[in-house]
Amino acid sequence: DAKTTQPPSMDCAEGRAANLPCNHSTISGNEYVYWYRQIHSQGPQYIIHGLKNNETNEMASLIITEDRKSSTLILPHATLRDTAVYYCIVRGGFQKLVFGTGTRLLVSP
Amino acid sequence: DVKVTQSSRYLVKRTGEKVFLECVQDMDHENMFWYRQDPGLGLRLIYFSYDVKMKEKGDIPEGYSVSREKKERFSLILESASTNQTSMYLCASTGDGANVLTFGAGSRLTVL
């Protein structure tokens, strides 16, 4: 199973872009990168996922390096409501997802 | 627009009691999961189910059992609750072999 490494915490000013890194140097060719977030006292929420191409949706952008050993989740204009724990997960096919301890993002005014 | 519903948001039980945590999803998903979440440990998978009457052990199944009699409902059972089972319990579901999980709001269980 590919493991991921994320910084334990990050800060971001409201309105600025939040760039959350994730290292997954042992990722296999058929493994996707998934991002979830968990706002305090709620269940985790799916954000985005990708295989090798960059992806964008209404919530965020996902940038995956060409060698696929790392990725960055980008929240283009962070708001106070984006304060949450962000989880980066690597999995292939259908497998049970393993959540680590993630990155605690604090967005400040 | 609620899709995964956990029956109880907060529960307080006594040691030795039998506890049922219920989860219902309305998305016709095949796969359902039970996680527990504790500070500093992240989410840990207890059990999951690929189909009705099917169940698979996750990483920490000891002290728990599950029931999936209908596709939309996945129950977590603590046969004899203990204080170390005090935790936040999260139910999730997904369909079509995907890894995009939809989670419920969670059930915070306190065992005294």
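The values are calculated or read from the model by the stated rules, or taken from the named source; none is laboratory data. Keep in mind it's a predicted model, so treat the numbers as computed, not measured. Please note: Cβ atoms are built from the backbone with ideal geometry, for glycine as well, and neighbour counts cover all protein chains shown. For accessibility, only protein heavy atoms count, side chains too; no ligands or nucleic acids. Shrake-Rupley method; radii C 1.70, N 1.55, O 1.52, S 1.80 Å.
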**OP:** Those residues that are more than 14 Å from chain B (Cβ to nearest Cβ), touching a residue at least 60 places away in the same chain (Cβ under 8 Å), assigned to a loop (DSSP other than H, G, I, E, B) and not hydroxyl-bearing (S, T, Y), I need them from the stretch A:62-109; list them, please.
**Re:** A:H77, A:A78, A:P109
Subject >> Members of the stretch B:19-66 that are of a type in the set (A, V, I, L, M) and either more than 8 Å from chain A (Cβ to nearest Cβ) or open to solvent by 30 Å² or more (accessible area, probe 1.4 Å) (or both) >> reply: B:V19, B:L21, B:V24, B:M27, B:M32, B:L41, B:I46, B:V52, B:M54, B:I60, B:V66
**OP:** Please enumerate the residues belonging to the stretch B:76-91 that are more than 7 Å from chain A (Cβ to nearest Cβ) and hydrophobic (A, V, I, L, M, F, W, C).
**Re:** B:L76, B:I77, B:L78, B:A81, B:M88, B:C91
**OP:** Kindly check whether there is at least one residue in the stretch A:42-52 that is hydrophobic (A, V, I, L, M, F, W, C), within 24 Å of B:M88 (Cα to Cα) and either open to solvent by less than 50 Å² (accessible area, probe 1.4 Å) or within 13 Å of chain B (Cβ to nearest Cβ) (or both).
**Re:** yes
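Residue by residue, here is whether (1) away from every other protein chain (no Cβ under 14 Å); (2) part of a strand (DSSP E or B); (3) modelled with pLDDT under 95 holds:
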site	(1), (2), (3)
A:D1	no, no, yes
A:P21	yes, yes, no
A:S25	yes, no, yes
A:V33	no, yes, yes
